[in-house]
Amino acid sequence: MRSLLLVAILVATPAYADLYRWVDPQTGSVKFSSYPPPWFGQPALEISAPATEVVVYRPPGAPKPAADTAKPSAAASVLAALESRLAGLTQFFSALPSNTDFSRAGSGIQQQLEAYQAVAAELDRLDPAGAARRRQQEAGFIETLRRGLEAQFSTSFAPAKK
């Protein structure tokens, strides 16, 4: 009898179960269960039901699942937003006509230039590897800015090097 009990203990496998998490539509409370809610797996009912999250069981020491490549990380989202803003500012400066007197534009160009410098500095901080590429992109409109400032002040102007 003891040997049978010992064999049963040694052979017993742990129970693995996924958990289901959802918000109860009637009470608004969060529910956890090893059984799915009644609407789970039925497309017609899932349309009007709250979303159900499946919490997959991972045994202790199991490697974490590979990161979902379809969903960008928060850092990548921030970099993409900053790159987009920088591209918009670059386009603004590139569209400026050369040899235009900037004094007629008021403080708008100055504000855009300050915004550009702030975005570029933040991108350089977050993505130092892309700094050289960004400097090459800005070379064209820096010349336009130099000409416009010369026209405004009627003197030679050399922008500060970074």
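Observations on the structure shown:
- Considering residues of region 1-19 that are in a loop (DSSP other than H, G, I, E, B) and at pLDDT below 70 only, the residue farthest from PRO59 (Cα to Cα): ALA12
- Whichever residue in region 103-118 is at pLDDT 80 or above and more than 13 Å from GLU138 (Cα to Cα) and, among such residues, is most open to solvent (accessible area, probe 1.4 Å): GLU114
- All told, LEU86 falls short of being over 31 Å from the mean Cα position of the chain (by Cα) and either assigned to a helix (DSSP H, G or I) or at pLDDT 80 or above (or both).
- Taking the numbered list (1) surrounded by 14 or more Cβ atoms within 10 Å (Cβ to Cβ); (2) at pLDDT 80 or above in turn, THR100 passes all entries but (2).
The values are calculated or read from the model by the stated rules, or taken from the named source; none is laboratory data. A quick note: this is a predicted structure, and the numbers were derived from the prediction, not measured. Heads up, the Cβs are rebuilt from the backbone with ideal geometry, glycines too, and the neighbour counts pull from every protein chain shown. Accessible surface is based on the protein model in full, side chains and every heavy atom, while ligands, DNA and RNA are left aside. Shrake-Rupley method; radii C 1.70, N 1.55, O 1.52, S 1.80 Å.
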